[in-house]
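Okay, structure first, notes after.
The values are calculated or read from the model by the stated rules, or taken from the named source; none is laboratory data. Predicted model only: the values in this text are computed from it and were never measured. Quick reminder, even Gly has a Cβ in these numbers, built from the backbone with ideal geometry, and neighbours come from all protein chains shown. Ligands, DNA and RNA are excluded from the accessible area calculation, which covers all protein heavy atoms including side chains. Shrake-Rupley method; radii C 1.70, N 1.55, O 1.52, S 1.80 Å.
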Amino acid sequence: MVSIFPSYLAPLREALLGRAISRGLLELTVHDLRAWTHDVHQAVDDSPYGGGPGMVMRPQVWGDALDDVLAGPPARLVVPTPAGRPFTQALAREFSAEERLVFACGRYEGIDQRVLDDAARRVTVDEVSIGDYVLVGGEVAVLAIVEAVVRLLPGVLGNPRSAAEDSFSDGLLEGPAYTRPEVWRGLAVPDVLRSGNHALIDRWRRDRSLERTHRRRPDLLEALPADALDRADRAL
Ligand SMILES: COc1ccc(Cn2ccc3ccc(-c4cc(N)[nH]n4)cc32)cc1
């Protein structure tokens, strides 16, 4: 990863991801973009051609940085931007199959487009958005993307079932989850979950997922392949 705020990416070395690194399941290197500046002010930005608010990150510094960081085994360059294509669970799976990913964290109003155009001559460049809202820089997006990708790597999650079955894997939202106590502040756990009847439990969970998806994300239902919903689903 390349950033002018390398410490913003320190959380990637905590908890589950930190353990995955110490277990050798993945390697993480964070570079400070300013290492590739040569002027005393270590300038990384300049005014935008055509005018407009804010500053744009200079191509020379990013070009030199990516020349070095992209050298070595083939990598895919991931560049978070509000103007990117949506980052989805499908793209997370695609990224998780890559041997090497390089993340360019922009700041200001973004990176001079020629940096991405030049990189695209050598590697696959993915400009991705993590949602329809504007952040201040790419680091938070990289934290989200890396977490979504690394949890899919074999051995990272204690329970591999959870990655295979988590929401968005079957195209629906996760339903409600419960644990002890059976009654908490007058609220009881749905009886079916304590029935031990796993066919009934699976049906109940599927119904809750369908209901929630229908209520909160009807777009996901529309996107389901025709054969994804069985007769019982449709009866809901
Ligand atoms: C209007 O154009 C703008 C362009 C960039 C910015 C700030 N900024 C600079 C680099 C950078 C990288 C990613 C993102 C981002 C990604 C998502 N999903 N939201 N925001 C934001 C970023 C503000 C405004």
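A few remarks follow.
- Pairs are defined by a Cβ separation below 8 Å, a sequence spacing of at least 6 or placement on different chains, a first member in the range 210-236 that is within 18 Å of Pro176 (Cβ to Cβ) and assigned to a helix (DSSP H, G or I), and a second member that is open to solvent by 70 Å² or more (accessible area, probe 1.4 Å) and hydrophobic (A, V, I, L, M, F, W, C); the pairs so defined are Leu210/Leu236; Glu211/Leu236.
- Flag if Val115 is free of Cβ contacts under 8 Å to residues at least 40 places away in the same chain and either part of a strand (DSSP E or B) or within 13 Å of the ligand (Cβ to nearest atom) (or both): no
- Conditions (1) assigned to a helix (DSSP H, G or I); (2) in contact (Cβ under 8 Å) with a residue 24 or more places away in the chain; (3) touching a helix residue (DSSP H, G or I) at 6+ places or on another chain (Cβ under 8 Å); number of the one not met by Gly18: (2)
- If you go through the range 97-120 and pick out every residue that is of a type in the set (D, E, K, R) and under 19 Å from Arg58 (Cβ atoms), you end up with 6.
- Residue list for the range 79-91, restricted to those being within 14 Å of the ligand (Cβ to nearest atom) and surrounded by 14 or more Cβ atoms within 10 Å (Cβ to Cβ): Val79, Pro80, Thr81, Pro82, Gly84, Phe87, Leu91
- A single member of Glu99, Glu127 is open to solvent by 30 Å² or more (accessible area, probe 1.4 Å), assigned by TED's automatic domain parsing to the domain that holds Ile21 and within 10 Å of the ligand (Cβ to nearest atom), and it is Glu127.
- With respect to (1) surrounded by 11 or more Cβ atoms within 10 Å (Cβ to Cβ); (2) within 33 Å of the chain's Cα centre (by Cα); (3) of a type outside the set (A, V, I, L, M), the lone exception for Glu222 is condition (1).
- Note on the range 26-50: among residues that are open to solvent by 60 Å² or more (accessible area, probe 1.4 Å) and either of a type in the set (Ser, Thr, Tyr) or touching a Lys or Arg at 6+ places or on another chain (Cβ under 7 Å) (or both), the one that is nearest to Ala75 (Cα to Cα) is Thr29.
- Cβ pairs under 9 Å, 6+ apart, first in the range 68-90 and among the hydrophobic types (A, V, I, L, M, F, W, C), second at pLDDT below 95: Ala90/Phe168
- Qualifying positions in the range 133-156 - open to solvent by 30 Å² or more (accessible area, probe 1.4 Å), more than 16 Å from the ligand (Cβ to nearest atom) and more than 14 Å from the chain's Cα centre (by Cα): Pro154, Gly155
- Condition broken by Val40, with the remaining ones in (1) among the β-branched types (Val, Ile, Thr); (2) within 12 Å of the ligand (Cβ to nearest atom); (3) more than 29 Å from Tyr133 (Cβ to Cβ) satisfied: (2)
Residues are listed down the side, and each one gets a yes or a no for (1) open to solvent by less than 60 Å² (accessible area, probe 1.4 Å); (2) outside any helix (DSSP H, G or I); (3) under 28 Å from Pro154 (Cβ atoms):
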{"residue": "Gly52", "(1), (2), (3)": "yes, yes, no"}
{"residue": "Val61", "(1), (2), (3)": "yes, no, no"}
{"residue": "Asp68", "(1), (2), (3)": "no, no, no"}
{"residue": "Pro74", "(1), (2), (3)": "no, yes, yes"}
{"residue": "Leu77", "(1), (2), (3)": "yes, yes, yes"}
{"residue": "Arg93", "(1), (2), (3)": "no, no, yes"}
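- Meets criteria (at pLDDT 95 or above and assigned to a loop (DSSP other than H, G, I, E, B)) for Ala199: no
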